[in-house]
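Read through the structure below, which is laid out as structure tokens, and then see the notes.
Every number here is computed from the coordinates shown, using simple stated rules; none is lab data. Nothing here was measured: the structure is a model prediction, and the numbers come from that model. Methodologically, a virtual Cβ is constructed for each residue, glycine included, from the backbone with ideal geometry; neighbour enumeration extends over all protein chains shown.
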Amino acid sequence: MQFSQNAVLSCQILAAHPLRTLLSIAGVVVGVAAVILMVAVGQGAEQRILDRIGRMGSNLITINAAPARLMIGRSRTVATVTTLTARDARALSEDCPHVVAAVPAVSKSLVVHWEGRNTTTTVVGMTADGFRVRSVPLASGRPFDADDDRLRKRVAVVGQTVRRNVFGTANPVGQDIRIGRVIFEVVGAARLRGTDATGMDQDDVVFVPLETAMRRLLNVPYIQTIYVEAESRRWMDRVERDVRGLLRERQRLTAGRPDTFTIQNQQTLIRAERETARAMTLLIASVAGIALLVGGVGIMAVMLMAVRERTREIGLRRALGARPRDIRVQFLVEAALLSGGGGVLGFGIGIGAAVAAARLGGWNASVSWTAAGLAIACSVTVGMVFGLYPALRASRLEPIQALKSD
Amino acid sequence: MIALESLTKHYTKGTVVTEALKGVSFRVERGEFVAIMGASGSGKTTLMNILGGLDTPTSGTYRLDGLDMARATDDELSGIRNRKIGFVFQQFYLLDRADALKNVMLPLIYADGSGDDAARAGQALAAVGLSARSHHHPAELSGGEQQRVAIARALVTDPVILLADEPTGNLDARNGLEVLAIFQRLHREGRTIVMITHDPAVADHARRLIVLKDGRIAGDSPVTHPRDAQAELGRTPGDAPGAGPR
């Protein structure tokens, strides 16, 4: 009751200087708004990356027929290695436990022609299981099957980017296209898949049966990639180990020699992304800390000013029976009100900015209530900490001197 | 009620020691209306501060309502100021942001008593004849009305003593008389009032006059013919009482 009366009076006093009050909390407002915005955008972006990885199949292990090299901070496979064959893929699916399917694949950048139009795209040759393993749903038509592959049929499934670039609004299914010098019949069109974790357009692609690609298009006896589907996420690490062991054995690599292939585990990729996100969060948190610190200094300056200005009021309150403790509490409450108000205002602005940014960027802004609560709690704490010194000064004023000051 | 015994107060500023009070002794009984008069530098402000529990004496004893004020801690003095003493200042010291009622309620914030604070403040305002102005802010009140709000604030905790420091010093003659008339009425109702002033005409409204000179008591006698502020108001030409100049 008495406490709330005083809080009301504090609010009135703060409201009497709206501009100064606003300026004093500006630091906290900006700090909290920035945190809310960055957390929301950061989480939205992280969700998007995880979605992309998930889109490529979350139980997926990718084996590339080249050793990995670190180039400009990224792991890349370089050079052409001719040691991986379709037989390796078959061996993986037959001999490794917890492997549902192993899809051998080749790919090459080739020009696709249709009625005078052409586009350069990635032509992927793979077995029919690839549609399931790599999560390639069809928008229209049919996928090719094992028979198409065995008979080296010249059938193709086009990605959405290719469909748009070559066919425009025409229905691609049933059309004849020319890839290099070979005519293919388009039997299906893949659904839009977006970009993958590395930003590659997954729709700029034409899928053809593996045998057709190897014998009719590329004329090579080796493959480049094997996509391995594990039973579940749980077995990812086990499968990766088994696959590595089996491939090393088949390629007769003695102990100590490096792999001639690269294994990419989707779970590892997700873990790496999570770690990046965590580092980002830490960065945001430290920026927020600095912003709040600056905000706290602002509040301290204004509170010191208020104590100076209201010295006589402090003297009066002391004369009327306020103990030093009461004065201290009053100014602490005012500082907390200031910074808490700043926190709430910053929260509102942050949410608004996050929603606007999400709309512009076309993703979902995920507002974390934990982060919001934390930001406001932090701002109140900052206000109390930086309000402590002014409050102490106020409470230590001698009542007589305080009353006589002007 | 009030018992002072050989009270001294020294101020040290650098190496210079100022003796503001050089051994002051007197008693004030319940229900008295005492004026303490003195020129500036006579020590009357120091005496007022000590009487009000805002300062502590260098030596001597001061008992208020049986409490040893010289040995009270800061927190204890705060409590005593809140419960036992009602201050009326020359400059009123009202909070500009709060209306009359809120200003009167201010001491109750620091009192641990229960009850309806607003009702008590309303009664105190009625006692000074300002019920109609309870939601006016100080800027909307005349000087006399502001001082009456301050008196209501001093009365709201029902203190044992009302301490007034030059209560008419910032008021014109008419408003000054109004304030004195309130004091005289409160005195008739049994309040104990100690009023500090430099003005003999003001002091003449009390029943007892203590004269302070150079930190010592130079005179202590009853006022033989106290002036009646209400009667003087009747003789003062101009508007009716209670409608002072704005």
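Split chain A at each of the GluC sites (Glu not before Pro) in a DSSP loop with at most 14 other beta carbon atoms within 10 Å, and the longest piece is A:232-406. Just the Kirkwood number for the range B:2-235, please: inverse of mean 1/r across all distinct Cα pairs, in Å, one decimal. With all distinct Cα pairs of the range B:2-235 included, I get 18.2 Å. Taking Cβ atoms as reference points and 11 Å as the exclusive limit, the residues near A:Trp114 contribute a net charge of +1, counting Lys and Arg as +1 and Asp and Glu as -1. Sparse packing (at most 16 other Cβ atoms within 10 Å of the Cβ) combined with a DSSP loop state is found for the following trypsin sites (Lys or Arg not before Pro) in the range A:126-212: A:Arg152, A:Arg181, A:Arg191. Summarising the label geometry, the points placed 7 Å from Cα in the beta-carbon direction at A:Ala146 and B:Phe26 lie 11.8 nm from one another. Amide H contacts under 5 Å for B:Arg216: B:Lys22, restricted to partners 5 or more places along the chain or on a different chain, H placed in the peptide plane at 1.01 Å from N. Averaging 1/r over every pair of different alpha carbons in the range A:79-160 and inverting the result gives a Kirkwood radius of 14.7 Å. Computed from the C-beta positions of A:Thr381 and B:Ala119 and an R0 of 41 Å, the FRET efficiency is 0.60 to the nearest 0.05. Here the label points at A:Glu185 and A:Thr281, each 7 Å from Cα along the C-beta direction, are separated by 5.4 nm in the simple model. Taking amide hydrogens as placed 1.01 Å from N in the peptide plane, the amide H of A:Ala190 sits under 5 Å from those of A:Ala139, A:Val158, A:Gly159, A:Gln160, each at least 5 positions away in sequence or on another chain. Taking only the C-alpha atoms of the range B:51-163, Rg followed by Dmax gives 14.8, 47 Å.
Residue-normalised convex hull volume from the C-alpha trace of the range A:66-260: 134 Å³ per residue. Restricting attention to the range B:1-157, the count of lysine pairs at 8 or more positions apart or across chains with alpha carbons under 22 Å apart stands at 7.
When you work out D = kT/(6 pi eta Rh) for the protein assembly as shown at 10 °C and 1.306 mPa s, using the Kirkwood radius from C-alpha pairs as Rh and the Stokes-Einstein form, the result is 49 µm²/s. When Rg and the Kirkwood radius Rh are both evaluated on Cα atoms of the range A:305-406, their ratio Rg/Rh stands at 1.24.
For the range B:20-26, putting each phi into the Karplus relation 6.51 cos²θ - 1.76 cosθ + 1.60 with θ = phi - 60° gives couplings of 7, 10, 10, x, 10, 9, 6 Hz, in residue order, rounded to whole numbers and with x for Gly and Pro.
Spatial offset of the range B:35-109 relative to the range A:379-406 amounts to 21 Å, using the alpha carbon center of each.
Amide hydrogen proximity for B:Leu209: with H placed 1.01 Å from N in the peptide plane, the residues at 5 or more positions away or on another chain lying under 5 Å are B:Ala35, B:Ser221, B:Val223. Here A:Val297 and B:Ala231 are evaluated by their C-beta separation; at R0 = 41 Å the FRET efficiency comes out at 0.10. Each listed q (0.15 Å⁻¹) maps to a log10 I(q)/I(0) for the range B:104-200 from the Debye sum over equal C-alpha point scatterers, namely -0.59.
Sequence-ordered 3J(HN,Hα) estimates for the range B:40-50 from the Karplus curve with 6.51, -1.76 and 1.60 and θ = phi - 60° stand at 5, x, 7, x, 6, 5, 4, 4, 4, 4, 5 Hz, glycine and proline given as x. Once R0 is set to 25 Å, what does the formula 1/(1 + (r/R0)^6) return for the Cβ-Cβ distance between B:His135 and B:Asn170, expressed as a FRET efficiency to the nearest 0.05? Using R0 = 25 Å, I get an efficiency of 0.60.
Within chain A, which whole H helices from DSSP have a Cα span along their axis of at least 27 Å and a mean Kyte-Doolittle hydropathy of -0.5 or more, if any? Going by DSSP H runs, the hits are A:18-55, A:266-309, A:324-361, A:369-395. Highest average first, the peptides A:215-228, A:28-41 ordered by how many other beta carbon atoms sit within 10 Å of their residues are A:28-41, A:215-228. A simple rule links phi to the HN-Hα coupling: the Karplus curve 6.51 cos²θ - 1.76 cosθ + 1.60 with θ = phi - 60°, which for the range A:149-154 gives 5, 4, 8, 6, 5, 8 Hz, with x for Gly and Pro.
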